[in-house]
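So the structure is just underneath, and the comments pick up after that.
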Amino acid sequence: MKKIFLTITTVALFLGTAMRLQAQEDFYDIHHVAEIRIYFSVSNWDHVLDSLIQAGEGDGRLLADISVDGHYISGVGVRYKGFSSWDEDQKKSPFNINLDYTINNQNHQGYKHIKLSNVIHDPSFVREAISYEVAGKYMPASRANFANVYVNDTLLGLYTNVESVDELFVKKYFGSKNNAFFKGSPANLQYPFGQNANLAYTHGTDTAGYMPFYKLESDHGWSELLNLIYILNNDTAHLPEVLNIDRTLWMHAFNYALVNLDSYIGYSQNYYLYKDENGRFNPILWDLNMSFGSFRHSDGSALNLTIAKAAQQNPLQHLYSTTFSPRPLTKNLFSNTRYRKMYLAHIRTIINENFRNGDYYTKALEAQNVIDNYVLNDTNKFYSYADFITNLDDDTGPISDQYPGIRSLMEARIAYLDTFPGIQGAPQISSVNNEPLRPQQGENTVIRASIRNASCAFLFYRSSSNSIFISTPMLDDGLHNDSLAGDSIYGASVAVNGKTLQYYIWAENDSAGIFSPERAEYEFYTIHPALNAGDIVINELTNNWVEIYNNTQEEQPLSGMYLGNLSGGPLKWAFPDTAISAGGYIMVKTAGSRETGAILSDIEIPAHSGQLTLGYEAGINIDTVMFDDAVNGKSIGRWPNGYGDFVFMTPTFAKHNLYGTTENTQLLVYPNPAVDKINVECEIESATLTIKVFTADGQVASDVQYSHSAGMIRAVSKEVDLSGMQSGVYAVQVICDDKILTRTFVIL
């Protein structure tokens, strides 16, 4: 992508505050107002930024230094952003800040971009932050809060601070970042009746015809986007292979529930598409600053909708109306009866979980309380402080261009949707369970649920967190692991083929449908099969702590598992109700240890040889380690990490194990020079070894034989007493089977 550098020298930041230390708060915590100070070295920075956006140089940036909550970052790239929110005559324009513009991978709390919206279309100031908080319950969505923004130490005002949808975002939610990635962002917005980024097959096989409507965010992908567009419009039977259907239905449900018309359902813009590792494009919401009816243009009308009409937007309008330009991402999905019921079920869930119960209003009030003084002191805000107070409940602004009161709009929206066919009358799902509760890997498990008022039900399941859910019918005929025929107990049996089984249930009748859990498939039920040896291991230990490592690619619960030792037996200490992340570590500190960052236990690790076990209450051990005498400043751990033999090593608390200290070094003698003792560390191949110490003239000064039990770690360390020996040069000899190893050392 093209970058434009303006050659300027960034100003030095005030040294008096450069070393200021602050507690690092979560950058996007909705209760936190970030302080962002931007420093340009040119006085006409506003004119330069205006010029860049007027010239259409979307990636052109002005170099600057910034301070984020007292943390200083140099060499960032700054530009204005937005379409309707930017104007060269306003003092408070929205910012896009690239933190790694000149310094590769430079970031703040792991974020490389800062997106600041100027709240131009929201007297309440909370539309965007609350909208993203709602969306995050049902799909991958940005987080958002607020930032007080200064330029060259002059306050511009309070902004909304929104997490960027970039490569870090998709890596977090999809586990990859190099796949096809687009933004639905027309270069020139056409309205009304404009094509924009509507995913219609309007230019045949010529990818160049689609380029003005979508912004490529990856290095490749035009042919993949065209393939999606073709299948969406011409081959919907294969659509689940190239599009995450459920994620798309959630996006539409969110936009219609919150009357977010500045989106795909309005002028077909303000969304991203990312292709996951399963080959499916996933839509991602963006630009929610005009949600809750702040934007009231629809593609079927050149006129501004009234607030009353916005509250009664038909969630199936694209299915039946001919006044809109093509909207295949809604119409072609809603034409499928089951997809349509799933979509309406998602709307019902959003309304019930956020609006009918007043949760959104409580959170909006909390957010307004956090920002109250900042809004009061914002002299560049676009509305009055009185509007800020009023707009959460009531309409504000001139009659010709009012902004809906969020509460009054949503109360009218709830009343309308309550009468909409497909919202009410859904089946009821309860008593979801499985048997056996903790099946063995490879064993079948039966899943049952009480489902009433349903004509059919389906179980959707998968055997890994990164795979696609597949479905199988759940039946109530007395023949499919349910109960009695017609008793409303539905059942299905599936094989547990991996380290997890994730599932949800869908039930429907002629009127409506319902999921269980209702946030499916973003949330689901999980069955954790019994672990096999090697799935979770004792990975490293010292006298003060034990490191447990998860070798699987799934989060695993530790409740029901125990650490044991020789003195206390296999059930010595029970793990609390916690879980260990995929490929992650859990640290357990031993009795009497002052170690921080670990779970306190009463397990003991003796200074001399011992045994530690990891297993279940039923007496099933999944890992056992027998260890030799402890060594000061060292741990024993697996090398390679997670599955190798135990060796002595430099301790790596909750981290990937380093090479063992005897790895590729058959004999290690330390300290050298010595005073009154040495440690002799060596690899062993038999149950016995002999350690001899010789003087410079060949006399035996010490001769000790050691025995070991089977299962001992691969390396052992022995302390040799040198007391009574005079200073000089000595040799230590280790004899193990027919192998003889010798090192010299000095006694001071």
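The values are calculated or read from the model by the stated rules, or taken from the named source; none is laboratory data. What you see is a predicted model, and the numbers here were worked out from it, not measured in a lab. Glycine also receives a Cβ, built like all others from the backbone with ideal geometry; neighbour counts cover every protein chain displayed. Calculation scope for accessible area: heavy atoms of the full protein, side chains included, ligands and nucleic acids excluded. Shrake-Rupley method; radii C 1.70, N 1.55, O 1.52, S 1.80 Å.
Quick notes
- Proximal charge balance of R407 [Cβ under 10 Å; K/R count +1, D/E count -1]: -3
- Residue pairs, from the table K499/K655; K171/K572; K634/K739; K275/K381; K112/K309; K137/K177, whose Cα atoms sit over 30 Å apart: K171/K572; K275/K381; K112/K309
- Once the convex hull of all Cα atoms in the range 597-748 is built, its volume per residue stands at 133 Å³.
- Whichever aspartates and glutamates have a C-alpha closer than 12 Å to that of K341, once near sequence neighbours (fewer than 8 apart) are set aside: D246, E508, D510
- Solvent-accessible area per residue for the chain (1.4 angstrom probe, square angstrom): 42
- Under 19 Å from K677, Cα to Cα: aspartates and glutamates that are on another chain or at least 8 residues apart: D628, D629, D703, E719, D721
- Taking only the C-alpha atoms of the range 252-298, Rg followed by Dmax gives 11.7, 37 Å.
- For the Cα trace of the range 268-352, dividing Rg by the Kirkwood Rh returns an Rg/Rh value of 0.97.
- Each residue of the range 519-526 is assigned a 3J(HN,Hα), and the resulting list reads 8, 4, 9, 6, 10, 7, 7, 10 Hz, derived from the Karplus form 6.51 cos²θ - 1.76 cosθ + 1.60 (θ = phi - 60°), x at Gly and Pro.
- P(r) tail for the range 421-530: Cα pairs beyond 25 Å make up 18% of the total.
- For the range 507-586 versus the range 376-454, the gap between their alpha-carbon centres in whole angstrom: 31
- 24 Å tail of the calculated P(r), the range 26-129, as % of Cα pairs: 25
- Whole-percent carbon and sulfur share, accessible surface of the chain, 1.4 Å: 49
- A simple count of charges around Y416, restricted to other residues whose Cβ falls under 14 Å of its Cβ and scoring Lys, Arg +1 and Asp, Glu -1, yields +2.
- Long-range tail of P(r) for the range 529-641 (Cα pairs > 17 Å, %): 50
- Packing-based ranking, highest mean first, of 105-113, 286-294 given that Cβ atoms within 10 Å are counted: 286-294, 105-113
- Cα gyration tensor of the range 284-402 - equivalent ellipsoid semi-axes, whole Å, descending: 32, 20, 12
- J(HN,Hα) series, the range 111-124, from Karplus relation 6.51 cos²θ - 1.76 cosθ + 1.60, nearest Hz, glycine and proline x: 9, 9, 10, 10, 10, 10, 9, 8, 6, 6, 10, 8, x, 6
- Positive minus negative residues near L168 (Lys, Arg vs Asp, Glu; Cβ under 15 Å): +1
- Using θ = phi - 60° in the Karplus curve 6.51 cos²θ - 1.76 cosθ + 1.60, the 3J(HN,Hα) couplings for the range 366-372 round to 4, 5, 5, 5, 5, 9, 3 Hz; x is entered for Gly and Pro.
- Packing-based order for 118-131, 81-94, 431-444, using average beta carbon neighbours within 10 Å, highest first: 118-131, 81-94, 431-444
- Each helix, a run of at least 4 DSSP H residues, gives -39500 (n - 2.57); summed and divided by the residues of the chain, these come to -4500 deg cm²/dmol at 222 nm.
- In Å², nearest 10: area of E617 left accessible to a 1.4 Å probe: 120
- Cα centroid separation - the range 279-334 against the range 99-170, whole Å: 25
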